[in-house]
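> One structure, pasted below without further comment.
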Protein chains: 2
Amino acid sequence: MRRLSRETKSVILLSGGIDSTTTLYLAIKYGYRLSALIFDYNQRHKKELYAAIKIAKLNNINYYIAKMSLPWACSALTKKSIRVPFNRNLSKKDIPSTYVPGRNIIFLSYAVSFAESIRAESIFIGAHAQDSSGYPDCRQDFLEAMERAINLGIVKKGIQIVSPLIDKTKKEIVELGKGLGVPFEYTWSCYLGRQYPCQRCDSCLFRMKAFKSLGLEDPLLQQK
Amino acid sequence: MRRLSRETKSVILLSGGIDSTTTLYLAIKYGYRLSALIFDYNQRHKKELYAAIKIAKLNNINYYIAKMSLPWACSALTKKSIRVPFNRNLSKKDIPSTYVPGRNIIFLSYAVSFAESIRAESIFIGAHAQDSSGYPDCRQDFLEAMERAINLGIVKKGIQIVSPLIDKTKKEIVELGKGLGVPFEYTWSCYLGRQYPCQRCDSCLFRMKAFKSLGLEDPLLQQK
């Protein structure tokens, strides 16, 4: 984990998925006082918002829902006319149609505005470079450059971007989450956002593979 | 002017004030194909939005209005309960209550999402370090760090942040704008956003001082 110090006020980007929820439980374990930012960017899987709210409420964490419109984004997550790819080869390095241009750049810029306003000293993000469809805004070099930029653009300096999962695989994240007591049954990953996970989109495939490789049942699928 | 190359598709952050409007006229002169981003962040001077739209329409430029909510921002520009300071000593280096935490960080992050989506190669911003109330997100070092960060966070690399006014004073900007034929009567600067400029807020004071030092009348004030 990168540059952690306990009991500081922090902002966490919370999507309601496994990564951000595990990050939240980890931050709580380390004694951070969290406020959550939840993003409504008109995503196809709006259902993840309810998961994020549920997780925040379960942990008595203040949260804001930031609404935004990205009408220009040609992404399968924001335009219903673009198909979510099914059963993709996850080892392929090309960027899939679910990529939303600048998503984490925007999320982090909101987070720094929020963090400076409430005098938080760090921003937690559940980004990890592996098993994240190769999105460039999930990589360590981006996060470090962003941390440097945001601290030049605000009055109060010294806000840290903390990404404790950055080097982990999805398998390691599920394993960590299990140890931390993450209620996986309340998290949501599927890009389609229907009643049940589709089990064919990248997000479902990464999740299923992680649980399977640990010999675990995903409690979300057991609800079916 | 910094690393300009003609006829590339570009995004411009357009507030409807003198700085962004002069930047727009400069970019048009240099042959850029512009799309404008106009921000509705629930600012007190919402009137500037109409100025920005007017300027975009006058120049046949496509524009998007990005709406956002920054409920946490304790700024005189977003909270009516906080007073806009009047007749402030403009040479003082303290940050006034009109500072909106992370504003240009958020604007630029939207701009990069937009720019990557429409395959634009640059983002124009009318930031300048002098005569801008000392806001840290108007400085060259921030803009350079932000350019580096955003290019690490997107797929298509090489988007430039172009800030041709960065080293200019407001006086020099008005002078430049006059030469470019900027219709100052359609621009809006006053933080209060009432029918007529208050002539007491920082933004009015900087504007008045610039016109006065050039021996010019501000056509906006002549309308009164």
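The values are calculated or read from the model by the stated rules, or taken from the named source; none is laboratory data. No experiment lies behind these values; they were computed from the predicted model shown. Please note: Cβ atoms are built from the backbone with ideal geometry, for glycine as well, and neighbour counts cover all protein chains shown.
> Being outside any loop (DSSP other than H, G, I, E, B) and without any contact (Cβ under 8 Å) to a residue 40 or more places away in the chain is the requirement here; does residue A:137 meet it?
Values: outside any loop (DSSP other than H, G, I, E, B): yes; without any contact (Cβ under 8 Å) to a residue 40 or more places away in the chain: yes.
Spelling it out, residue A:137 is indeed outside any loop (DSSP other than H, G, I, E, B) and without any contact (Cβ under 8 Å) to a residue 40 or more places away in the chain.
To keep it simple, each residue is scored yes or no on (1) in contact with a His (Cβ under 6 Å, 6 or more places away or on another chain); (2) farther than 21 Å from residue B:64 by Cβ; (3) of a type in the set (Val, Ile, Thr); (4) away from chain A (no Cβ under 14 Å).
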site: B:117; (1), (2), (3), (4): no, no, no, no
site: B:124; (1), (2), (3), (4): no, no, no, yes
site: B:150; (1), (2), (3), (4): no, no, yes, no
site: B:163; (1), (2), (3), (4): no, no, no, no
site: B:181; (1), (2), (3), (4): no, yes, no, yes
site: B:184; (1), (2), (3), (4): no, yes, no, yes
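> Name the residues in the range B:126-144 that are facing chain A (nearest Cβ under 7 Å) and acidic (Asp, Glu), would you?
Residues satisfying the conditions are B:137, B:141.
> Against the definition (at pLDDT below 90, surrounded by fewer than 16 Cβ atoms within 10 Å (Cβ to Cβ) and among the charged types (D, E, K, R)), how does residue A:93 come out, yes or no? Break it down stepwise before answering.
Values: at pLDDT below 90: yes; surrounded by fewer than 16 Cβ atoms within 10 Å (Cβ to Cβ): yes; among the charged types (D, E, K, R): yes.
In short, yes.
> Could you tell me which of the residues A:52, A:76 is aliphatic (A, V, I, L, M), under 26 Å from residue A:180 (Cβ atoms) and crowded, with 19+ Cβ neighbours inside 10 Å?
Matching residue, one of A:52, A:76: A:52.
> I need a count of the residues in the range A:61-78 that are part of a loop (DSSP other than H, G, I, E, B) and more than 11 Å from chain B (Cβ to nearest Cβ). Break it down stepwise before answering.
Taking the range A:61-78 as the starting set, the residues that turn out to be part of a loop (DSSP other than H, G, I, E, B) are A:61, A:68-78.
Going one step further and asking which of them are more than 11 Å from chain B (Cβ to nearest Cβ), we end up with A:61, A:76-77.
Residues meeting the conditions: 3.
> Any residue in the range A:26-37 that's within 22 Å of residue A:168 (Cα to Cα): show its pairings with residues that are of a type in the set (S, T, N, Q) and in a loop (DSSP other than H, G, I, E, B) at Cβ separation under 8 Å, as long as the two are six or more apart or on different chains.
A:28/A:59; A:32/A:8
> Let me ask you something else. Quick check on this structure: which one of A:52, A:56, A:127 is in a loop (DSSP other than H, G, I, E, B) and either under 25 Å from residue B:150 (Cα atoms) or small (Gly, Ala, Ser) (or both)?
Working: A:52 fails: in a loop (DSSP other than H, G, I, E, B); A:56 fails: in a loop (DSSP other than H, G, I, E, B).
The match here is A:127.
> Got a sec? Which of B:155, B:182 is buried (at least 21 other Cβ atoms within 10 Å of the Cβ) and either at pLDDT 95 or above or farther than 27 Å from residue B:201 by Cβ (or both)?
Result of the check over B:155, B:182: B:182.
> Exactly one of these conditions fails for residue B:194: (1) basic (Lys, Arg); (2) buried (at least 16 other Cβ atoms within 10 Å of the Cβ); (3) part of a loop (DSSP other than H, G, I, E, B). Give me its number.
(2)
> A further question on this structure: Can you tell me which residues in the range B:149-189 are assigned to a loop (DSSP other than H, G, I, E, B), hydrophobic (A, V, I, L, M, F, W, C) and touching a Phe, Trp or Tyr at 6+ places or on another chain (Cβ under 8 Å)?
Passing the criteria: B:155, B:182, B:188.
> Additional query: Which residues, counting only those in the range B:79-115, are of a type in the set (D, E, K, R), within 12 Å of chain A (Cβ to nearest Cβ) and more than 30 Å from residue B:155 (Cβ to Cβ)?
Those that are of a type in the set (D, E, K, R), within 12 Å of chain A (Cβ to nearest Cβ) and more than 30 Å from residue B:155 (Cβ to Cβ): B:79, B:93, B:94.
> Hey, another quick one. If I ask for residues that are closer than 15 Å to residue B:203 by Cα and touching a residue at least 60 places away in the same chain (Cβ under 8 Å), which ones from the range B:95-125 would you list?
B:96, B:98
> Here's a follow-up. Out of all the residues in the range B:208-222, is one or more under 15 Å from the mean Cα position of the chain (by Cα) and modelled with pLDDT of 95 or more?
Among the residues of the range B:208-222, not one is under 15 Å from the mean Cα position of the chain (by Cα) and modelled with pLDDT of 95 or more, which makes the answer no.
> While we're looking at this one, here's another question. For the subset of the range A:135-152 comprising residues that are crowded, with 23+ Cβ neighbours inside 10 Å and in contact with a Ser or Thr (Cβ under 9 Å, 6 or more places away or on another chain), which member is nearest to residue B:128 (Cα to Cα)?
A:150
> Right, next: Quickly run through the range B:89-128 and pick out the residues that are touching a Cys at 6+ places or on another chain (Cβ under 6 Å) and more than 19 Å from residue B:37 (Cα to Cα).
Selection gives nothing.
> Checking the structure you have, find out if any residue of the range B:126-134 is touching a residue at least 12 places away in the same chain (Cβ under 8 Å) and surrounded by fewer than 16 Cβ atoms within 10 Å (Cβ to Cβ).
no
> Taking residue A:92 as the residue in question, decide whether it is among the charged types (D, E, K, R) and closer than 22 Å to residue A:205 by Cβ.
Against the criterion (among the charged types (D, E, K, R) and closer than 22 Å to residue A:205 by Cβ), residue A:92 qualifies.
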